[in-house]
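In what follows, a structure is listed as structure tokens, so that the remarks can point back to it.
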Amino acid sequence: MVRQKGEFQIRWKTDLPYRWAIGKLAVKYFEELKKRKIMGSKCPKCGKMYMPPRGVCADCFVEMTVDDMVELSRKGTLMGFTVVNYPFVDPNTGAMRPFPYGYVICQLDGADTYLMHFCDEIDHTKFKIGQRVEAVFCDELPKDHESYRPELKGDIYDIPFIRLLKDEEV
Amino acid sequence: MKVAIVGVAQTKYESNKIDQTYMELTFEVVKKLHNQLGITNDDVGSVITGSNDFTDGRTIANMAVQDGVGSVRKSESRVSGDGAFAYVYAAMRVLSQEYDTVLVVSHSKCSEGDQCLINNSIFDPFYQRHLGLDQISSAGLMANMYMSKYGITEEQAAKVVVKNRKNAFNNPYAHIQKEITVDDVLKSPMLAYPLKELDLPPYSDGAVAMLLANEETAKKLTDTPVWLRGYANCTDAYYLGNRNMTDLIALELAAKEAYKMAGISDPIKDIDVAEVSENFSAHELMIYEALGFCGKGEGGKFIDSGETQMGGKIPVNPSGGVLSSNVAMANGLIRVAEVAEQLTGKAGKRQIPDAKTGLAYGMNGICSQGNCVLIFGGD
Amino acid sequence: MPKHDVAIVGIGQTKFRSKRRDVNIPEMIYEAVKAALDDANLEIKDIDALLIGNMDHFEGINFSELWTGIDACGFYLKPVVKIATGGTTGSSLGISGYYNIASGIYDKVLVVGWEKLNEGGATTGIITAFDPVWERPSLAGALGPLALMANIYASKYGIERSMEASADVVVKNRSNAANNEFAHLQMPNITTDFVMSSQMISYPLRLHDCCPQSEGACAVIYANENEAKKITDNPAWFKGVSTAHYYTFGCDDIMYNLPTATIASKKIYKKVGIKDPIKDLDVAEIYEPTSWAELAWTEALGFCDFGKGHTLLDEGISKMGGEMPVNPSGGVLSTNPIGATALVRFAEAAIQIMGRGGKRQVPDAEVAMGMGFGGSLWTELCILGKDPKPVR
């Protein structure tokens, strides 16, 4: 209990753990990710390609299974971007999330939906909507890079961020 | 203007449904309902869901199920709390004459979070939360006060568990399907005196869905509509210390009001089956008293009489109740679904013959704080 | 047509501030409840049921309605229901109030939205609304995605022009707020330069492009046609309500043009008989979480063509004294107590119809729109008027 300027406050800090089921399609996604493959799920009725993959096509209200999963390109198009430059507590860790960081929404080639992810660029003048981007795998990074890992583990940080492609790389 | 339940669907209740996300879990039960009724998502006018952010570990818990309940581009709203209250909001949408059909869905996965911490968060952060109260310790307080005031024995409380577990054996959706004896209950580890492990419910995952319709649409969709006849909602005091812990007075008031609306004068005679949210063994005895099935303090004698068993005058929880399948937040809507199954004669091995009028009781919070009583009738 | 006509007959708001350390949660809510009851000259015993909401994780209180419903609103031994849908919590409450009365279940209900954002972590709480596997690791609360969309919006229509027009929105709304005693950020002398030179929060959004985090509560009393007449000569009647929800994942669509606002507004315009919103509506209270959003949302609501949001400002249409003022209260850019925010939109629309707006009153307002926005980019709307009938 702390007293400030004649007012009382009670501090409460708690660790509220959960263990969420990620679903069969996500399990398959992460298995394939270890093999460097990015999988979406394709609606068997309307053909819409969902990334991230999931068990339901909301437009047709039909089920998608692991058999409906199709590999997507690791390259795509930048749809939107920002550079997050404000402090907040990250509920994933309970600590402040480091900032600034690049944050993008992009469409991987072959997908009809979009992916929101980190980007390693933090200078907003370097982004151009419509430009080409690529998903970066952690084991391809220089060994001294903070996101480097020697092998793919089958989790979200196997692709730590999206990279802006330079004109000459396209 | 009337509102009917035209179809219900339930998942199997079990712990650790690890192969399904919330979206997939709700999709399973909604698709099952569509197939059963021969409708598509286009036939659903609007959607009401019932869930709780702390239980799901997600702020705006209904966001996680939009795709699964088919509400993309539609009107959906979410009652935060027990599914019985979600049913009421959905019924209002039909009664307002703005929608012909409304889908109600309630889900949760109790086994994915820490229920004691989640329930501890219900207590106010100034006076009670730091004491570590949760659903088990507060139930122990209530059970102890009730049982010592009225001389209810632990054996009598245990009989509730034995009855409900026996009933669950007849319910293919029930989570715990294992018959037990009074002795098993009494010998199980003590968790919060006088409540032992088997006096308390399991933690279950699952979802339940139902379609409500107005009279005209109901006739097209089913031969056996289940009509809402009575409803009341009544909230008890928040602080346990401000509460009458030995009598569920808010539930009693809700029951009286719902009976009045449904024209029920003698509940034992007029009600054929009751599905109630009993959160611990002795709680069901307290519920008997509040619902007027027996006099004050006579819950123990009433379970002894056997009248609430299958074949008794007023079977309570033919489904096995919460003590067999505890899908917190969906529990109230499961009660409604089970009453609907009874009144349409589709309850299989747990069917009460010729059930015409049924009662469903859903609850919010700790020790019956928020109470929703619903009375249903067949044609 | 609904079974019963529904009217708003009483309104109470707290003064919205960034911190209300002088009161605890129930005490803060009670201020709004008491004000609403006084406004309608009613007592708690006169009200049948309570609908109350906030977001659980923002203050860290589970089943908050069971505490606030009793200790702040006095609904001991009466019906209490919690509705919570994120940013739309207030409008979901407002729409639920409509159905509670329209269905004939209750005659009078109290609807309360509240939030005490400085007692928890709103950005942290908002992150937990999103998928733990796919979205949470990189998500930065609501502002991150709103900044992404700002860039898409701005890139379609020209970044400099868009951000300048967005700053004009802030100037309009925060100077309107100076006429509203309840508003949190009242800035009568704010300029476009001030907004455009404030700190960059998430490119292209600067500090003053964003809504504040506010503490406060809003309480609204609803009644059916029989009861409303006994309470006031001048209630605000519901002509219609409308909701459109969207996909579970925030990234399933590039939603800078808010498709749900188009879906929901088309539905309600048809129901209420509105052909030209600018002509048929006299005032709108919309939910603009950031500056550019008012431009995009007004386009999606059909107030102007896509890409022409700035014309409403340039031509003075959405300013006070214009053909259809938008956010005379100062809007969300001035005041954002999340669970109450969208209910404040409904309440402010009703205040305009009831002619109780004081310095922020739009003269002769007869038809008003209130909007809620939230969740995975959902829209909820109400249209209120001097009578419950369609406009044509």
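The values are calculated or read from the model by the stated rules, or taken from the named source; none is laboratory data. As the structure is a computational prediction, the values presented were derived from the model and not from experiment. Counting neighbours? That spans all protein chains shown, and the Cβs are built from the backbone with ideal geometry, glycine included.
At-a-glance table
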item	result
Among the residues listed as C:Glu160, C:Glu115, C:Glu119, the single one being charged (D, E, K, R) and more than 24 Å from the chain's Cα centre (by Cα)	C:Glu160
Segment A:84-105, residues that are touching a residue at least 12 places away in the same chain (Cβ under 8 Å), more than 7 Å from chain C (Cβ to nearest Cβ) and not in a loop (DSSP other than H, G, I, E, B)	A:Tyr101, A:Gly102, A:Val104
Residue selected from segment C:11-34 under the condition among the hydrophobic types (A, V, I, L, M, F, W, C) and under 23 Å from B:Tyr239 (Cβ atoms), by the criterion surrounded by the fewest Cβ atoms within 10 Å (Cβ to Cβ)	C:Val23
All helices (runs of 4 or more DSSP H) inside segment C:272-326 with 3 or more residues being closer than 14 Å to C:Lys172 by Cβ	C:291-300, C:309-314
The listed residue being out of contact with any Cys (no Cβ under 9 Å at 6 or more places or on another chain), assigned to a loop (DSSP other than H, G, I, E, B), facing chain C (nearest Cβ under 10 Å) and charged (D, E, K, R), out of A:Lys35, A:Lys13	A:Lys13
Residue identified as over 20 Å from C:Gly331 (Cα atoms), of a type outside the set (Ser, Thr, Tyr) and surrounded by 22 or more Cβ atoms within 10 Å (Cβ to Cβ) among C:Leu143, C:Leu139	C:Leu139
Residue match in segment A:58-78 (condition: at pLDDT 95 or above, within 11 Å of chain C (Cβ to nearest Cβ), crowded, with 22+ Cβ neighbours inside 10 Å and in a loop (DSSP other than H, G, I, E, B))	yes
A:Tyr101, sole failed condition from (1) more than 22 Å from C:Gln213 (Cα to Cα); (2) out of contact with any strand residue (DSSP E or B) (no Cβ under 9 Å at 6 or more places or on another chain); (3) among the aromatic types (Phe, Trp, Tyr)	(2)
Criterion violated by A:Asp112 - all others in (1) within 7 Å of chain C (Cβ to nearest Cβ); (2) closer than 22 Å to C:Tyr247 by Cβ; (3) out of contact with any Leu (no Cβ under 9 Å at 6 or more places or on another chain) satisfied	(1)
Complete set of residues in segment C:146-167 that are surrounded by 22 or more Cβ atoms within 10 Å (Cβ to Cβ) and hydroxyl-bearing (Ser, Thr, Tyr)	C:Tyr153, C:Ser162, C:Ser166
Any hit, segment B:98-117, residues being facing chain C (nearest Cβ under 7 Å) and either surrounded by fewer than 20 Cβ atoms within 10 Å (Cβ to Cβ) or part of a helix (DSSP H, G or I) (or both)	no
Hey, C:Ser198 over 30 Å from A:Val56 (Cβ atoms), within 14 Å of another protein chain (Cβ to nearest Cβ), more than 22 Å from the chain's Cα centre (by Cα) and assigned to a loop (DSSP other than H, G, I, E, B) or not	yes
Qualifying positions in segment B:329-374 - in a loop (DSSP other than H, G, I, E, B), within 12 Å of another protein chain (Cβ to nearest Cβ) and either over 10 Å from B:Asp82 (Cβ atoms) or touching a Phe, Trp or Tyr at 6+ places or on another chain (Cβ under 8 Å) (or both)	B:Gly365, B:Ile366, B:Cys367, B:Ser368, B:Gln369
Test: residue in segment C:325-339 that is out of contact with any strand residue (DSSP E or B) (no Cβ under 7 Å at 6 or more places or on another chain), surrounded by fewer than 20 Cβ atoms within 10 Å (Cβ to Cβ) and at pLDDT 95 or above	no
Some residue of segment B:37-52 being in a helix (DSSP H, G or I), within 23 Å of C:Gly374 (Cα to Cα), within 13 Å of chain A (Cβ to nearest Cβ) and of a type outside the set (Phe, Trp, Tyr)	no
Among residues of segment C:32-56, those that are under 20 Å from the mean Cα position of the chain (by Cα) and within 23 Å of C:Gly86 (Cα to Cα), counted	9
Conditions (1) more than 14 Å from chain A (Cβ to nearest Cβ); (2) part of a helix (DSSP H, G or I); (3) hydrophobic (A, V, I, L, M, F, W, C); number of the one not met by C:Ala154	(1)
Close pairs (7 angstrom Cβ cut-off, 6 or more residues apart or separate chains): more than 8 Å from chain C (Cβ to nearest Cβ) and closer than 15 Å to B:Leu211 by Cβ in segment B:66-93, buried (at least 24 other Cβ atoms within 10 Å of the Cβ) and among the hydroxyl-bearing types (Ser, Thr, Tyr) anywhere	B:Val69/B:Thr26; B:Val69/B:Thr49; B:Gly83/B:Ser106; B:Ala86/B:Thr49; B:Ala86/B:Ser106
Neighbours by Cβ (under 7 Å, 6+ apart or cross-chain): first from segment C:326-340, over 24 Å from C:Gly125 (Cβ atoms); second in a strand (DSSP E or B) and among the aliphatic types (A, V, I, L, M)	C:Val326/C:Ala284; C:Pro328/C:Val283
Helices (runs of 4 or more DSSP H) contained entirely in segment C:1-117, each with at least 3 residues that are more than 13 Å from chain B (Cβ to nearest Cβ)	C:25-40
Checking B:Leu343 against (1) in contact with a strand residue (DSSP E or B) (Cβ under 6 Å, 6 or more places away or on another chain); (2) under 22 Å from B:Glu252 (Cα atoms), the condition it does not meet	(2)
Residue within segment B:203-211 that is within 30 Å of B:Lys17 (Cα to Cα), at pLDDT 95 or above and touching a His at 6+ places or on another chain (Cβ under 6 Å) present	yes
Residue list for segment A:115-137, filter: over 19 Å from A:Asp158 (Cβ atoms) and facing another protein chain (nearest Cβ under 10 Å)	A:Ile122, A:Asp123, A:His124, A:Thr125, A:Phe127, A:Lys128, A:Ile129, A:Gly130
